[in-house]
Amino acid sequence: MDVRLFPDASPSRRDLLAASGSFGLLALAGLMSDRAYAEPLAPAGAQFPAKAKNVIFCFMDGGPSHVDTWDYKPALARHHGEKIGAGAVSKLSQSKADRVWLGSPWKFQQRGDSGLWASDLLPHLAAAADDLCVVRSLVGIQPLHGQQSLLLHTGRVTGQAPSLGSWVLYGLGTENQNLPGYVLLNNDWIPNGGFENFASAFLPATTGATLLRPRGATVDNIVPADSAAIQRRKLSLLREQDEELAASSAEGQAIEAAIDNYETAFRMQSAIPQLADVRDESESTRRLYGLDRQNEHQKYYSLQCLRARRLVEAGVRFVEITCPLTHSNNSPWDQHSQLQKHHGENARITDQPVAALLADLKQRGLLDETLIVWAGEMGRTPHTTKISDGCGRDHHVNGYSIFLAGGGFRGGQAYGETDDFGNAVAADPLTIHDIHATILHQLGIDHEQLTFRFGGFDVRLTGVAGQVVKKLLA
């Protein structure tokens, strides 16, 4: 609203109503059309003592190559350029018998006291090997970005289901009533599968992700256009209108909940900009994350990782950080060609900040209660169409790698195995449902007990599958 409409005095209620066109009732009508939004959040609650309180999910959208990061396969170098043969063809990867094995352009070494194998592609994270629990035997459902992204986030390839973050918030609630419980630190790229990756679906809408964009020292999609005084006047008007309606409506309780949502949004507008502004951080912390880097994508990803730490410190339950898309491609890590160039670029953007996040949480005594998840939706084929300077790897869900750190996971270990070429799981296969079940377990939630009645069924994140993988835990 333009305060110049009232140059001589504070606006009266009648003036505000005339200028607003009854925006309060219109806004309320929009909220009330979604009963889930109007219903107050009542957390289901933990079933047993938790090891972790918060989750930070670093989503490596597009699928980092497992055989170029965490899954060392010297056989690829020995058979580089040889045809893979019919025995290596799988419907879970893009493969034909005349494709050829592609050795990694990055060197592998055993790292830390644990001797965990890691490549030079991610040197900062490799140096943190003793804190990483690497899973090398994940198996997906379809080698397609959208379906696999949805599977990773929601447990279904079809979408229309709540995200992991929404389930966590539904189960545990938030620790800070001034902040959203689930925040998406977006880097100007929406992954394949769209916003359904972060949506609440049939859970209360208050469990969906709140998106924060990275541009500059503030977050431009949260800072209000009006001053706090004008915002307060608007909110007072909304409350007055809504209370009048609630007094004469059979939906009074739901209307009161909508009023609370307005109040939470107002408090969030005050709290988020302060948390997002990292200028009060020490110079050593800023250098640790790489805020001094000159490349725009590197600087903003560093900023989002530092913000993630500040958000969980403030009580935000679940934070996700996406990767920026730096070049013309289907998704950031999807290197069907130019593998060395663009995997290298993605690594330069993400490696230092994620390693800094681990180190920063650890030195503050927060890593034990904060779970870091580093995962793409798939891996990449250990073979290619033909060897060339700009060749790449294709989609692969027949055995790929992610890592988890903190939150009671046992660092310095690699769980599961793929075959000699990294082409298929050879031991201890796991599914995303197993990972989800184990994450929930560390948060004090029994994945079989966290349910929501929808469509006549008690629906859960893990469906009818999933088991807690105790060998991953300390």
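What tally of residues in region 129-150 results from selecting those that are out of contact with any Asp or Glu (no Cβ under 7 Å at 6 or more places or on another chain), more than 15 Å from Asn330 (Cβ to Cβ) and crowded, with 21+ Cβ neighbours inside 10 Å?
Number of matching residues: 8.
Is at least one residue of region 92-110 crowded, with 18+ Cβ neighbours inside 10 Å and farther than 30 Å from Asn192 by Cα?
The answer is yes, given that some residue of region 92-110 is crowded, with 18+ Cβ neighbours inside 10 Å and farther than 30 Å from Asn192 by Cα.
Return the residue satisfying two criteria in turn: it lies in region 312-350 and is farther than 23 Å from Ile439 by Cβ and charged (D, E, K, R), and of such residues it is surrounded by the fewest Cβ atoms within 10 Å (Cβ to Cβ).
Only one residue tops the list, namely Lys341.
Kindly list the number of the only condition in (1) out of contact with any strand residue (DSSP E or B) (no Cβ under 9 Å at 6 or more places or on another chain); (2) under 20 Å from Ser163 (Cα atoms) that fails for Lys470.
Failing condition for Lys470: (2).
With Cys323, Cys305 as the choices, which residue is within 30 Å of Gln147 (Cβ to Cβ), of a type outside the set (A, V, I, L, M) and part of a helix (DSSP H, G or I)?
Of Cys323, Cys305, the one residue that is within 30 Å of Gln147 (Cβ to Cβ), of a type outside the set (A, V, I, L, M) and part of a helix (DSSP H, G or I) is Cys305.
Please find, within region 190-217, the residue that is nearest to Leu150 (Cα to Cα) out of those that are exposed (fewer than 14 other Cβ atoms within 10 Å of the Cβ) and at pLDDT below 85.
Within region 190-217, the match that is nearest to Leu150 (Cα to Cα) is Arg215.
Restricting to strands (runs of 3 or more DSSP E) lying wholly in region 117-213: which have 1 or more residues that are within 28 Å of Glu313 (Cβ to Cβ) and out of contact with any helix residue (DSSP H, G or I) (no Cβ under 8 Å at 6 or more places or on another chain)?
Ranges flagged: 132-138.
Given the residues Lys386, Lys470, which is the only one that is farther than 24 Å from Met60 by Cα and either among the aliphatic types (A, V, I, L, M) or touching a residue at least 24 places away in the same chain (Cβ under 8 Å) (or both)?
Lys386
Could you grab me the full set of residues in region 75-110 that are aliphatic (A, V, I, L, M) and closer than 17 Å to Arg380 by Cα?
Those that are aliphatic (A, V, I, L, M) and closer than 17 Å to Arg380 by Cα: Ala75, Leu76, Ala77, Ile84, Ala88, Val89, Leu92, Ala97, Val100, Leu102.
Which of the numbered conditions does Gly412 fail, given that it passes all the others? Conditions: (1) farther than 25 Å from Asp120 by Cβ; (2) surrounded by 17 or more Cβ atoms within 10 Å (Cβ to Cβ); (3) over 20 Å from the mean Cα position of the chain (by Cα).
Tallying (1) farther than 25 Å from Asp120 by Cβ; (2) surrounded by 17 or more Cβ atoms within 10 Å (Cβ to Cβ); (3) over 20 Å from the mean Cα position of the chain (by Cα), Gly412 fails exactly one: (1).
Residue by residue, here is whether (1) in a strand (DSSP E or B); (2) farther than 20 Å from Ala118 by Cα; (3) at pLDDT below 95 holds:
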residue: Leu371; (1), (2), (3): yes, yes, no
residue: Phe403; (1), (2), (3): yes, no, no
residue: Asp420; (1), (2), (3): no, no, no
residue: Leu440; (1), (2), (3): no, yes, no
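Scan region 440-457 and report the pairs whose first residue is surrounded by fewer than 13 Cβ atoms within 10 Å (Cβ to Cβ) and whose second residue is in a loop (DSSP other than H, G, I, E, B) and at pLDDT below 95, with Cβ atoms within less than 9 Å and a gap of 6+ or a chain change.
Taking only residues 6 or more apart or on different chains, the pairs are Gly455/Phe202.
The values are calculated or read from the model by the stated rules, or taken from the named source; none is laboratory data. Keep in mind it's a predicted model, so treat the numbers as computed, not measured. Cβ coordinates were reconstructed from backbone atoms using ideal geometry, including for glycine residues, and neighbour counts include every protein chain displayed.
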